[in-house]
Amino acid sequence: MSGAPARTLLLWCPDWPVLAAEIVDGVPATDPVAVLHANRVVACSERARAEGVRRGLRRREAQGRCPQLTVVDHDPARDARAFEPVVAAVEEVVAGVEVIRPGACALAARGPSRYLGGEEAAAERVVEHVAQTCAVESQVGIADGVFAAGLAARDGRIVAPGGTPEFLAGLPVEALGRPTLTDLLRRLGVRTLGDFAALPAGDVLARFGFDGALAHRLAAGRDHRPLAVRQPPADLTVTADHDEPIDRVDAAAFAARTLAEQLHERLAAHGLACTRLGIEAVTAHGQELHRVWRHDGLLTAAAIADRVRWQLDGWLSGSNGRGGARPARPTAGIIRLRLVPDGVLAQAGLQPGLWGETGEERERAHRALSRVQGILGPEAVVTAVLGGGRSPADQVRLVPWGDERLPARPGPPPLPTAEPPPPAAAPERAVSTRSRAAASAPVPPWPGRIPPPAPAVVLPTPLPAAVHDAAGEPVVVSARLAVSAAPARLTVGAGRPAEITGWVGPWPVDERWWAPAEARRRARFQVCLADGAALLLAVEGGRWLVEAIYD
């Protein structure tokens, strides 16, 4: 660690947690506002400081000094999100920005000072651009090293080259930002950074340890830490504007092919491949259309072009508002088309499927079903997903083709062998992203679930039925699950009675008893009929229903 510290320009936004609360949550920063963490004030607005509120005060004391104080919880994620546009604005003027913390970012001052006409001109240009772009007030400090530049930014000061040790010498030791070390130095009679820097380095290391030695170097102006500049994310989005609105499928196919090739070339230049593609369109009347296509393989240029063409065909071939299953057609042609690679990965980082690669038959099926969805909408093609639950209707969830196959209720399916094996490559279709947290949820027990085997057909609407005993009397199940007599005959709807040759049950279910509007209490039976049919019956509120049919 030799040589002089690099000249550093640091941009600081005063009271940033307060400004972030205004930007994200709409809390007016001109009012008395305090941001609290662990019941102590970590930041406050200028008006709150005028009322006596200071950092470190407890909540009750701060509200005692300023009764009209607005209290906001500290949220580092909110501060970081709100600060990202400020960093982006700085990067529009200069390159090589390092985010110190939300509200402060630093960069090497040498480059901007050379092409902007000096350090003062560079500082003014950055502050002005941030104010115009983000409507955020900021201050800039320039000094030798990040630590000194941060302190100089508090006063909006430019420290002359080589003058950093003299600038730091008169500052109090609290400027180190280490409360424990500061308290100890105060009790030892060390009041300023200059006093601390005058101590022998070996004695400081022996008495205060490594962190104290690092603080000693900062107090002496020997900050040699290089800037860890961030790399701005590459803009992989491609956009095409059309003077003549596209309202024909053939013109849309040509535009899709050209734009897909541009996207594929841009991704290939970064060694990336697309697995989830966002398609956005704007019509001449300002209508915005958006759809996301997902694929578990690598989308080639032809595959991207196909999906864009299918989607544009689906939009442009929609219904004209006269009914039908297809979505409504846009009221005007498309003047802007945008492709967003929503999911990318390294081109060599895709693991092959467990049963080999996707074959031509499966690919043709995927293309055909995706084509149907592009025309009729995502819900036009659905597949079943097995999950937990007490009834067959609860255990089956229909999801659009290519969507994530998450069960509606956590838990293993009632019949594991009935679940189809996973394909080598997951299907694709237009989807919206979902959280995968449910996939890792704990498996709960499902008391009252019917035993295997699972029924082959689950009726979407249970059929009314009547069950009688051998004497012709209706079979009744009491509140204590006592069956009045053995079931002997079953009548479904207006059909003819059928003889019951075997039955088992009841399996009681008492669900959501704590919510009267959603409470449900019923009991289920499995019965075999003389003609060989097997049914799943349920009795609820004194009424018999046929829920499912067994093979």
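The values are calculated or read from the model by the stated rules, or taken from the named source; none is laboratory data. Note that the coordinates shown come from a computational prediction; the quantities given were computed from them, not determined experimentally. We place every Cβ from the backbone using ideal geometry, glycine too, and count neighbours over all the protein chains shown. Ligands, DNA and RNA are excluded from the accessible area calculation, which covers all protein heavy atoms including side chains. Shrake-Rupley method; radii C 1.70, N 1.55, O 1.52, S 1.80 Å.
Of all residues in region 1-43, those satisfying the criterion of being open to solvent by 30 Å² or more (accessible area, probe 1.4 Å) and in contact with a Leu (Cβ under 8 Å, 6 or more places away or on another chain) are Ala6, Arg40, Val42. Under the condition of being under 21 Å from Glu84 (Cβ atoms) and touching a Lys or Arg at 6+ places or on another chain (Cβ under 9 Å), the residues counted in region 30-71 number 2.
The set of residues in region 137-166 that are open to solvent by 20 Å² or more (accessible area, probe 1.4 Å) and among the hydrophobic types (A, V, I, L, M, F, W, C) comprises Phe147, Leu151, Ile158, Ala160.
Entry remark, region 494-506: residues being out of contact with any His (no Cβ under 9 Å at 6 or more places or on another chain) and open to solvent by 50 Å² or more (accessible area, probe 1.4 Å) number 6 in total. Tell me which residues, restricted to region 14-28, are assigned to a loop (DSSP other than H, G, I, E, B) and either among the β-branched types (Val, Ile, Thr) or modelled with pLDDT of 95 or more (or both). Val27, the sole residue that qualifies.
Return the residue satisfying two criteria in turn: it lies in region 508-546 and is of a type in the set (Lys, Arg) and under 21 Å from Pro497 (Cα atoms), and of such residues it is least open to solvent (accessible area, probe 1.4 Å). Within region 508-546, the match that is least open to solvent (accessible area, probe 1.4 Å) is Arg524. Looking only at region 282-292, decide whether some residue is more than 21 Å from Ala368 (Cβ to Cβ) and among the basic types (Lys, Arg). Looking for residues that are more than 21 Å from Ala368 (Cβ to Cβ) and among the basic types (Lys, Arg), one finds none in region 282-292, hence no. The set of residues in region 89-107 being open to solvent by 10 Å² or more (accessible area, probe 1.4 Å), touching a strand residue (DSSP E or B) at 6+ places or on another chain (Cβ under 9 Å) and either modelled with pLDDT of 90 or more or in a strand (DSSP E or B) (or both) consists of Glu98, Val99, Ile100. Condition test on Thr239, is it polar (S, T, N, Q), surrounded by fewer than 19 Cβ atoms within 10 Å (Cβ to Cβ), out of contact with any Ser or Thr (no Cβ under 8 Å at 6 or more places or on another chain) and part of a strand (DSSP E or B)? So Thr239 passes the test. Scanning region 171-193 for residues that are open to solvent by 60 Å² or more (accessible area, probe 1.4 Å) and either under 28 Å from Ala121 (Cβ atoms) or of a type in the set (D, E, K, R) (or both), we see that the one that is nearest to the chain's Cα centre (by Cα) is Glu174. When Gly194 is tested against (1) more than 18 Å from Ala143 (Cβ to Cβ); (2) of a type outside the set (Val, Ile, Thr); (3) at pLDDT 90 or above, only condition (1) is not met. On the stretch given as region 265-297, residues that are open to solvent by 60 Å² or more (accessible area, probe 1.4 Å) and more than 18 Å from Ile335 (Cα to Cα) total 6.
Of all residues in region 268-296, those that are at positive phi have Cβ atoms under 9 Å from Cβ atoms of residues that are outside any strand (DSSP E or B) and modelled with pLDDT under 80, 6 or more apart or on another chain, in Gly271/Gln347; Gly271/Ala348.
Of the strands (runs of 3 or more DSSP E) lying entirely inside region 302-406, not one contains at least 2 residues that are open to solvent by 30 Å² or more (accessible area, probe 1.4 Å) and modelled with pLDDT under 65.
Residue under question is Gly221, and the condition is that it be assigned to a helix (DSSP H, G or I) and within 18 Å of Ala152 (Cβ to Cβ); does it hold? No: the conditions fail for Gly221. Test Glu261 against the stated conditions and say whether it is assigned to a helix (DSSP H, G or I) and either without any contact (Cβ under 8 Å) to a residue 60 or more places away in the chain or surrounded by fewer than 14 Cβ atoms within 10 Å (Cβ to Cβ) (or both). Against the criterion (assigned to a helix (DSSP H, G or I) and either without any contact (Cβ under 8 Å) to a residue 60 or more places away in the chain or surrounded by fewer than 14 Cβ atoms within 10 Å (Cβ to Cβ) (or both)), Glu261 qualifies. Of the candidates Pro32, Pro17, the single residue that is touching a residue at least 24 places away in the same chain (Cβ under 8 Å) and under 25 Å from the mean Cα position of the chain (by Cα) is Pro17.
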